[in-house]
Amino acid sequence: MKNNFLSKSIFGCLLLSSLYTNAQKANLEVDASKTITKIQPTMFGLFFEDINFAADGGLYAEMIKNRSFEFDKPMMGWEQPNTKRSSLNKESGSALPINLSKEKNNSNFCRVEINNDKGYTLINEGFRGMGVKKDAKYNLSLKVANHNGAIKKIIFQLINKDQKIIGETSIVPKSEQWTNYTSQFTAVETEAKAKLKITFEGNGTIDLDMVSLFPEDTWKNRKNGLRKDLVQLLYDVKPGFLRFPGGCIVEGRTLSDRYQWKKSVGDVEERKTMMNRWNVEFNHKQTPDYFQSFGLGFFEYFQLSEDIGAEPLPILSCGMACQYNTGELAPMDELDPYIQDALDLIEFANSDVSTKWGKLRSDMGHPKPFNLKYIGVGNEQWGKDYIDRYKVFEKAIKAKYPKIIIVSGTGPSPKGEHFDYAMTELKKLNAELIDEHYYESPKWFRENAGRYDNYDRKGPKIFAGEYAAQSVSGANPNNRNNWECAFSEAAFMTGLERNAEVVNMTSYAPLMAHEDAWQWTPDMIWFNNLQSYGSANYYVQQLFSTNKGTDLLSITQDGKALIGQNNLYASAVKDVNSKEIIVKLVNTAATNQEVSIDLKGAKLGSKGSVISLASGNLQDENTFVEPRKISPKQSEYKVTKGSQQLTLPAYSVTVLKLKTI
C-alpha cells in the first residue's frame with residue numbers, strides 16, 4: 001500500500017513536471033522562404049552629442065583645458081600657485097589674459113611677466129585631471145612670443161597627484177614674433193589625475209597661446225586626433241550611421257548659442273570657443289568649466305563616420321532655440337542664413353574642389369567627397385513654428401539636392417499633443433524620415449515592443465533617434481545603466497527590427513559620459529581619464545548591430561508575432577552575405593525558458609553559434625572595476641534534425657546563428 005502510494009505520487013510529480021515544462025516551452029516558427037523586407041544598412045547606428053564631456057575631455061584627445069584662454073573666465077583651468085590671485089603679485093610673476101585681437105576667433109592669450117629669479121609657475125588641471133600612461137609619449141605644442149628674448153627657457157612637467165614629476169621637456173623660445181613650438185614627453189608612471197606644470201627661466205615678458213597636449217597614440221595615429229579606446233568602442237558596434245553633433249546641443253539656449261557648423265571647420269586655432277549649453281543646465285550636476293573648443297568639429301565628425309563605416313547624419317538648427325529654454329525664433333523672413341548653412345554643408349560634404357566649401361574640405365585633408373546622404377532639420381522642436389520652418393528647408397534642399405534624405409522630428413516625447421500634431425502634419429508633407437524620441441521606464445519599453453506593428457507601411461519611415469530606458473525617471477541623476485534597462489531595450493529592439501519596413505534607423509542616447517563630469521544618465525559608454533567600458537546597454541546595441549542581417553523574416557508563435565507573450569520577445573533575419581539565419585530572443589522572465597524553433601524554407605548546416613547576454617540580477621551593471629560583468633558569451637550550437645531546441649536563461653538576450661547550405 002505504501003509503495004503503491006509512493007509510486008502514484010512519483011507519477012503525479014512527473015506528470016506535473018511534464019505539464020509545467022510544456023507550459024513553459026514556446027514553439028516558434030521561422031519562415032526563411034520569404035523576405036518580408038530588406039534590412040536597411042542604417043538600421044542600428046550611433047547618436048553622438050557633446051554632453052557629459054563627450055567631446056572636449058572625452059573623444060577629442062586634447063588634454064589641456066582652456067588651451068587658448070578663451071573661456072568666459074580666461075584663466076579657468078589654470079592655477080598660479082606662487083601668485084596671490086587677488087593682487088597678481090608682480091614680485092614672483094603673473095599671468096594676464098590680454099585681448100589684443102591677435103586673431104578674430106582666438107583673441108585672448110596669456111601674458112606672463114616674470115620679475116625675479118624665483119621662478120613663476122602655471123599649472124593646467126586638465127579635464128578632471130590628465131590621464132597619462134607609463135612609457136607612453138605625449139606631444140606638446142604651443143605658440144609663443146618672447147619679448148626682447150627675455151625668457152631663456154620654458155620647462156614643461158607632467159606632475160602626479162602628489163606633485164611628483166612624471167615627465168619633463170622644455171623649449172627655448174627664440175622669437176619675439178608668434179612662433180609655433182613642439183616637443184614631446186614620455187611618462188614614467190601611470191596617473192589618472194596628472195597636471196601640466198609650466199615654469200620659466202629668465203626675467204621679462206612672454207606671451208603664450210594654444211598650449212596643447214595630446215597622446216601620440218591616437219585613433220589611426222592622427223596628429224592631435226581622437227582618443228583611441230573610445231573610437232574603438234564605436235567601431236566595434238559596426239554602426240550603420242553616426243548622428244552628430246546632437247541633440248539639444250544643436251539648438252542652443254538662444255539662437256546665438258546654437259551650433260554653427262561653419263565655425264567648427266578650418267584651422268583648429270581659428271575655431272571660436274563657446275560655452276557648452278549643458279554646463280549649468282541641470283542643478284544636480286553643474287559644470288561651469290564645460291566649453292566647446294570645436295577641435296572636434298564637422299570635418300572630424302565626417303572623418304569619424306568614414307573611419308567606423310557609418311553614414312554621416314548631421315543635424316542642423318532650423319531657426320528655433322531650445323523650447324525648454326528661451327524658445328527664441330528666427331522670423332520666417334530671416335531664415336535664409338540657416339537654410340544657406342544647410343545647402344553649404346551639403347556642398348562641403350559632397351562637392352568637388354572647384355566649389356568654395358568643397359575646396360575647404362580638400363584643404364583640410366579630404367579631397368574626395370564624404371558622400372552625404374542624410375541631413376536633419378532641427379532636433380526635437382515641436383508645434384506649428386517647427387512645421388512652418390521645416391517646409392521652407394525641405395523646399396530649398398530638395399530644389400538643389402533632390403537626392404538628399406531629410407530627417408524631420410516629432411518633438412521630445414513618443415506621444416501626446418505635440419507628437420500627434422507633428423505626425424499628422426509631416427505625413428501630409430510626405431516626410432521621408434521622422435525622428436522619434438523616447439526616454440521611458442523599462443516597463444514601457446517591454447510593453448511597446450509592438451509600437452510599429454500598425455504603422456502605415458506606405459507612410460514616412462521612422463528614425464528612432466534617441467531612446468534609453470530610465471531606471472528612475474527622465475533626466476534623473478539616479479538613473480542607472482542596469483540590466484533591467486538593457487534587456488528591456490532589447491525587447492523593444494526586436495519590435496524595431498520586426499518592423500524594418502517602417503523603421504530605417506535607430507540609436508541609443510546619449511552615447512558617452514565622463515565618470516567625473518556627467519550631466520545626464522544613463523549613457524551607453526562610460527570613461528574616465530584612463531579607462532573606458534561599454535555598459536550592458538552597449539552590448540545589447542552591439543549584438544543587434546553586428547547581427548542585423550540583410551533580410552527580415554517572419555518569426556511567430558501560433559501565427560502571432562512574439563511581443564511579450566510569456567515574457568518572450570523575438571525577431572529573425574537572414575544574412576545573404578554570411579549565409580546565416582539569425583534569431584534574436586529576449587527572455588524577460590525570472591526563470592529559464594525552453595524554446596523550440598521550427599525553421600522552414602532553409603537547409604541548415606551542422607553547426608551554428610549562440611551568443612548570450614544574461615544576469616540573474618536586475619540591478620547588475622558594468623563598472624570600471626568589472627567592465628565586462630555583463631558581456632556577450634559565445635558557444636557552439638549543434639544543429640539537430642527537425643526543430644532547434646534552446647534554453648533561454650532568466651533575464652537574457654540570446655542570438656542564435658545558424659549556417660545555411
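Where a number appears in this text, it was derived from the coordinates with a stated rule and is not lab data. All values derive from a computational prediction rather than experimental measurement. A quick note on method: Cβ atoms are made from the backbone with ideal geometry, for glycine too, and the neighbour counts reach across all protein chains shown.
Once you charge only the Cβ atoms, +1 for Lys and Arg and -1 for Asp and Glu, what is the size of the charge dipole of the chain about its Cα centre, to the nearest 20 debye?
Value, rounded to 20: 1660 debye.
Please list 3J(HN,Hα) in residue order for the stretch 502-507, calculated via the Karplus relation 6.51 cos²θ - 1.76 cosθ + 1.60 where θ = phi - 60°; whole Hz, with x for glycine and proline.
Along the stretch 502-507, the couplings run 9, 8, 10, 8, 8, 7 Hz.
Using Cα pairs closer than 8 Å and at least 6 residues apart in sequence, work out the relative contact order for the chain, in percent.
Once divided by the residue count of the chain, the mean separation gives 16 percent.
Going highest first, how would you order 567-579, 237-249, 634-646, 174-186 by mean Cβ packing within 10 Å?
237-249, 567-579, 174-186, 634-646
What's the ranking of 654-660, 523-529, 620-626 by average number of surrounding C-beta atoms within 10 Å, highest first?
Going by the mean number of other Cβ atoms within 10 Å, highest first, we get 523-529, 654-660, 620-626.
Listing E394, E300 from the residue with the fewest other Cβ atoms within 10 Å to the one with the most, what is the order?
Least crowded to most crowded, the residues run E394, E300.
By how many degrees, between 0 and 90 and to the nearest 10, does the Cα long axis of helix 298-307 differ from the longest principal axis of the chain?
40 degrees
Please name whichever of M493, T550, F419 sits farthest to the positive end of the charge dipole of the stretch 410-551, dipole taken about the Cα centre and charges placed at Cβ: Lys and Arg +1, Asp and Glu -1.
Of the listed residues, the answer is T550.
Using Cα atoms only, what is the angle between the long axis of helix 2-24 and the major principal axis of the chain, expressed in degrees (0 to 90) to the nearest 10?
50 degrees
Which one of F241, V144, T169 is farthest out on the positive end of the charge dipole of the stretch 128-286, using unit charges on Cβ (Lys, Arg +1; Asp, Glu -1) and the Cα centre as origin?
F241
Taking only Cα atoms, what is the 0 to 90° angle, nearest 10, from helix 417-428's long axis to the longest principal axis of the chain?
80 degrees
In what order do S317, S170 fall by count of nearby beta-carbon atoms within 10 Å, going from fewest to most?
Fewest-to-most Cβ neighbours within 10 Å comes out as S170, S317.
For a quick protection proxy, order the peptides 333-344, 258-269 by their average other-Cβ count within 10 Å, most packed first.
On the way: 333-344: 15.2, 258-269: 19.7.
Put in order of decreasing packing, that is 258-269, 333-344.
Quick one: what does P(r) look like for the chain with 10 Å bins over all Cα pairs, in whole %?
3, 15, 23, 22, 17, 11, 5, 3, 1, 0, 0, 0
Among T169, T591, rank each residue by its count of other Cβ atoms within 10 Å, from fewest to most, as a rough exposure measure.
Ordered by Cβ neighbours within 10 Å, fewest first: T591, T169.
Relative contact order, percent, of the stretch 507-661 when contacts are C-alpha pairs under 8 Å separated by at least 6 residues?
Relative contact order, the stretch 507-661: 25 percent.
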